[in-house]
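The values are calculated or read from the model by the stated rules, or taken from the named source; none is laboratory data. The structure presented is a predicted model; accordingly, all values stated were derived computationally and were not measured. Heads up, the Cβs are rebuilt from the backbone with ideal geometry, glycines too, and the neighbour counts pull from every protein chain shown. SASA here: full protein model, heavy atoms, side chains in, ligands and nucleic acids out. Shrake-Rupley method; radii C 1.70, N 1.55, O 1.52, S 1.80 Å.
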Amino acid sequence: VTWLLPSIDAKLNRAEHHLGELNQIGGSGAVTDLVETRTDRDRDGRVRVRVKAVAEMPPEWSVWIGECVHDMRSALDHLAYGLSIIGSKRDPPPNHGRSQFPIYPDRTTYRKGGRGRPPAERYIAHFPRGARRRVERLQPYHGRKNQRVGTKRLSDLAELSNIDKHRRFPLTAHG
């Protein structure tokens with residue numbers, strides 16, 4: 001499994017490259033060009049900024065975001081495949097056709113399946129025992145809903161991956 005770490009590293013480096021491109025766009029003023037705002041004052045004299053219009057996000061931005069998300073998700077799936085090889089001592093592993101890193105929103109679905117998904121055991125059956133426990137502890141249902149870092153981020157990654165596969169990314173504003 002000598003290919004595993006260099007492969008994961010290459011995918012994460014590529015994701016970081018895409019993220020850097022997106023950060024450059026964010027700092028270039030291109031994002032603010034998409035939003036038309038109006039400034040006024042409320043009854044108490046406080047300044048308010050109101051969004052008047054939001055232009056369409058350029059299609060290539062969605063592609064760059066999708067490539068970044070895909071590379072991150074793919075790195076996790078490479079890890080899952082490698083763990084299955086290590087645990088089963090077979091290459092390809094017995095579950096090679098359905099290998100992926102499991103990300104589940106709740107404990108019940110993780111353990112029993114549901115919502116059209118098999119239980120996580122189907123994906124991690126051949127992982128070494130310690131890796132199985134660690135993957136379960138990383139599941140999003142262990143984190144708080146508004147957690148800024150950690151397990152919640154796996155849930156965000158799964159959601160972004162599904163958005164990328166099925167529709168375009170929505171443009172949102174935060175202030």
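Conditions (1) over 19 Å from the mean Cα position of the chain (by Cα); (2) of a type in the set (S, T, N, Q); (3) modelled with pLDDT under 90; (4) open to solvent by less than 70 Å² (accessible area, probe 1.4 Å), marked per residue:
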site: Y104; (1), (2), (3), (4): no, no, no, yes
site: G114; (1), (2), (3), (4): yes, no, no, yes
site: R122; (1), (2), (3), (4): yes, no, no, no
site: H126; (1), (2), (3), (4): yes, no, no, yes
site: L138; (1), (2), (3), (4): no, no, no, yes
site: G143; (1), (2), (3), (4): no, no, yes, yes
site: R153; (1), (2), (3), (4): no, no, yes, no
site: H166; (1), (2), (3), (4): no, no, yes, no
site: A173; (1), (2), (3), (4): yes, no, yes, no
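Within the range 65-81, the set of residues being within 14 Å of the chain's Cα centre (by Cα), of a type outside the set (K, R) and open to solvent by less than 80 Å² (accessible area, probe 1.4 Å) comprises I65, G66, E67, C68, V69, D71, M72, S74, A75, L76, D77.
Taking the residues in the range 1-33 that are aliphatic (A, V, I, L, M), in contact (Cβ under 8 Å) with a residue 40 or more places away in the chain and more than 22 Å from Y81 (Cβ to Cβ) as candidates, determine which candidate is least open to solvent (accessible area, probe 1.4 Å).
The extreme case among them is L22.
Note on the range 82-101: among residues that are farther than 19 Å from R117 by Cβ and surrounded by 15 or more Cβ atoms within 10 Å (Cβ to Cβ), the one that is farthest from the chain's Cα centre (by Cα) is S88.
When you go through E36, E56, E60 one by one, which is the residue that is exposed (fewer than 13 other Cβ atoms within 10 Å of the Cβ) and in a loop (DSSP other than H, G, I, E, B)?
Numbers: E36 fails: in a loop (DSSP other than H, G, I, E, B); E60 fails: in a loop (DSSP other than H, G, I, E, B).
Checking each option against the conditions leaves just E56.
The single condition from (1) small (G, A, S); (2) over 25 Å from the mean Cα position of the chain (by Cα); (3) under 27 Å from H17 (Cα atoms) that A53 fails is (3).
Results for (1) under 18 Å from L154 (Cα atoms); (2) touching a residue at least 24 places away in the same chain (Cβ under 8 Å); (3) hydroxyl-bearing (S, T, Y), shown as yes or no for each residue.
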{"site": "W64", "(1), (2), (3)": "no, yes, no"}
{"site": "E67", "(1), (2), (3)": "yes, yes, no"}
{"site": "H78", "(1), (2), (3)": "yes, yes, no"}
{"site": "P102", "(1), (2), (3)": "yes, yes, no"}
{"site": "P105", "(1), (2), (3)": "yes, yes, no"}
{"site": "T109", "(1), (2), (3)": "yes, no, yes"}
{"site": "P119", "(1), (2), (3)": "yes, no, no"}
{"site": "R122", "(1), (2), (3)": "no, yes, no"}
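From D91, D164, grab the single residue that is charged (D, E, K, R), within 19 Å of S7 (Cα to Cα) and in contact (Cβ under 8 Å) with a residue 60 or more places away in the chain.
Numbers: D164 fails: within 19 Å of S7 (Cα to Cα).
Of the residues listed, the single one that is charged (D, E, K, R), within 19 Å of S7 (Cα to Cα) and in contact (Cβ under 8 Å) with a residue 60 or more places away in the chain is D91.
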